[in-house]
Amino acid sequence: MPPIDLTHIRVILLDIEGTTTPLDFVHRTLFGYARANLRPFLEANLSKPEVHRYVANLKVQHATDDKEKRMPPPWPTGSQESEITSAVEYGLWLMDRDSKAGALKALQGLMWQQGYRAGELKGQVYADVPGALDRWCRKAKDVSIYSSGSELAQQLLFSTTAFGDLTRYISAFFDTRVGAKTSGESYRQIASRKGHREDEILFLSDSLAELDAARSATLRTALVARAAGHGSRQEGHSIISSFDELD
């Protein structure tokens, strides 16, 4: 395919996992931190209204999973300790399934916030990302993020990188509250909020399912294939291996 022409692109919409940020950082570092800290975090913070609300939302989600026979772990109640144990076991069950449940993502964001503040976590991005963000912004491109991680989690990641705080380049952070990343309607919602036509937005992701959804909403798309062989199936999408290919 010919090089991607950014002349008529007004918004560059970026996925995170595998696109701006190494997969291992998300899967091992962030998810590993959340798994290890879920119980102590809930034990220390369940009395806070925000955390209590997210646990209540998890309980509602659990009832749905149970009703639909997805076989979640049981949720016994009767004491705060049993409530915490139930929330932890169900939360880990959701994590094992890479769930996008909003309450889980919100709790993960709060745990990561704690880790970033304590200096236990530092955001990671690929080396070509900072220069690309600066280059696109100097060319008056609107740079936005769309990830299944919570808005808070996204902001924490980009504000704590080894290259400094990169949030100064990013105009908006979208999470799954706007809709699932595999739904075309989500991308139409983002276009509406950005105030631009769908075909003025370029979405970059390493996920073909996400790219297909964005293309169904008439966004421009490009597969980010950072690993060798990753782009062997591009399904008609443009393909890049580095942001340096986008001037």
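Descriptive notes on the structure:
- Gyration tensor analysis over the Cα atoms of segment 41-132 returns equivalent ellipsoid semi-axes of 29, 18, 10 Å (largest first, whole Å).
- Scattering profile of segment 64-181 at q = 0.19 Å⁻¹ [log10 I(q)/I(0), Debye over alpha-carbon scatterers]: -1.07
- Between the beta carbons of ILE239 and ALA63, assuming R0 = 45 Å, the FRET efficiency works out to 0.55 to the nearest 0.05.
- Within the chain: Cβ-based charge dipole about Cα centre, in debye rounded to nearest 20 (Lys, Arg +1; Asp, Glu -1): 400 debye
- Label-point separation, ALA172 to THR77 (7 Å along Cα→Cβ), nm: 3.8 nm
- Listed peptides 71-82, 124-135, 47-58 by packing density, highest first (mean Cβ within 10 Å): 124-135, 47-58, 71-82
- A full extension of the chain between ARG197 and LEU46 corresponds to an added length of 50.0 nm, given 0.36 nm per residue minus the alpha carbon distance.
- Distance distribution P(r), the chain, all Cα-Cα pairs, bin width 10 angstrom from 0: 7, 30, 32, 20, 9, 1, 0 percent.
- Remark: the TRP93-ARG135 segment gains 11.0 nm on full extension, using 0.36 nm per residue and subtracting the alpha carbon distance.
- Likely footprinting exposure, ILE84, ILE16, fewest C-beta neighbours within 10 Å first: ILE84, ILE16
- Cα centroid separation, segment 178-195 to segment 42-68 (Å): 27 Å
- Summarising the amide proton neighbourhood of THR21: residues at separation of 5 or more, or on other chains, whose placed amide H is nearer than 5 Å comprise TYR126.
- For segment 112-217, the alpha-carbon radius of gyration amounts to 1.11 times the rule-of-thumb value 2.2 N^0.38 Å expected for a compact globular protein.
No lab work stands behind these numbers, since they all come straight from the coordinates. Everything numeric here is computed off the predicted structure, so don't read it as measured data. Methodologically, a virtual Cβ is constructed for each residue, glycine included, from the backbone with ideal geometry; neighbour enumeration extends over all protein chains shown.
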